[in-house]
């Protein structure tokens, strides 16, 4: 019995994605659990695994590398040996008379059109293209000689990614269109948040002297990994959210949802745009665990390797612009979350103490944006005040 292969939904808001490449060739047997193609969602590239087993047959007019595909689109089948490929509605299948005779080394019929437009291809005995039309077009645009490039395609064909890899200009990467698609997603989400939340931002300065001292102690002790400031602040934020769970809520059409756990997203700046990988159960994790997990997720985000699961499920977000020298700003809520915390630069400043002495202290500005439809100003201010207390005496909070 034929099993349909369709474009899956990789994230809760995903309606369409960008097809990458087939990892198996037409006619090849697929084991359950094997990855069969790659798919780019809004912010991640993921290998899609087969749930079932069978012989792979590709729809002749199925997607090519870089094509936009809608969730649910039929792109192939898994068949039993000698089983004919069914004719799907709206899809020109035209299966060959003997599907079992198709060699795994042969390309799918979907390449027939490309064969007529490709600037170069191998002899009919081996129907694999030397270079795809998309890759050839990009090579012409960038002035790259592709004749000596070793292709990464399953049959040695040069793909668009190979052209990008040999280009020394970052503009070559953006010309593939991925930056634009990510930027479009970010723009839509920012606009949705601005239109559907009653955003209010509160700022408060915290004495971060003990926070700075604590991190210096970690560095001096030789512990590995050394927690970054965002790791310590994430842990303290998680502990503060325990006391103020109304800031750890999600908005939905059915009302306010109180999630099971505190899962904090960390905004990461990448070449293709802002990504927010999520640290699950941040309040219950040790600093060492947080440091390991955040470093891994930040690296994966910058390499565009985060899975959909790593980019979803957040209940609160932290964004840090302190490294850019920014003190206070107005972060935008990552809907459907209720609040987002902005972290500013830590600055050494002259401070007047209660006994009128003037001393040098490290000061940190926090910017909390929250949805006034969900939380009133007083509870939001109370959360920010609790977090400041934790920052001013972090050791006591971390060993409690």
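Here are the numbers for this structure:
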| read-out | value |
| --- | --- |
| log₁₀ of I(q)/I(0) at q = 0.12 Å⁻¹ - the range 1-77, Debye sum with one point per alpha carbon | -0.29 |
| Fewest-first sequence of 159, 9 by Cβ atoms within 10 Å of each Cβ | 9, 159 |
| Fraction of beta bridges assigned by DSSP in the range 220-319 that are antiparallel (%, nearest 5) | 75 percent |
| The range 71-85 versus the range 224-271: alpha-carbon centroid distance in Å | 43 Å |
| Residues 14, 1, 190, sorted so that the one with the fewest Cβ neighbours within 10 Å comes first | 1, 190, 14 |
| Overall form of the range 36-81 per C-alpha gyration tensor (a/c, 1.5; a/b vs b/c) | oblate |
| Distance between modelled label sites at residue 349 and residue 309, nm, 7 Å Cα→Cβ extension | 4.4 nm |
| Which of 321, 275, 204 has the fewest Cβ neighbours within 10 Å, and the rest in rising order | 204, 321, 275 |
| Alpha carbon centroid spacing (whole Å) that separates the range 276-302 from the range 322-339 | 18 Å |
| Rounded if a/c under 1.5, otherwise prolate or oblate - the range 197-398, Cα gyration tensor axes | oblate |
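The numbers here are math on the coordinates, done by the rules we state, and not lab data. Given the structure is predicted, the values throughout are model-derived calculations rather than measurements. Here the Cβ is made from the backbone with ideal geometry for all residues, glycine too, and neighbour counts use every protein chain on show.
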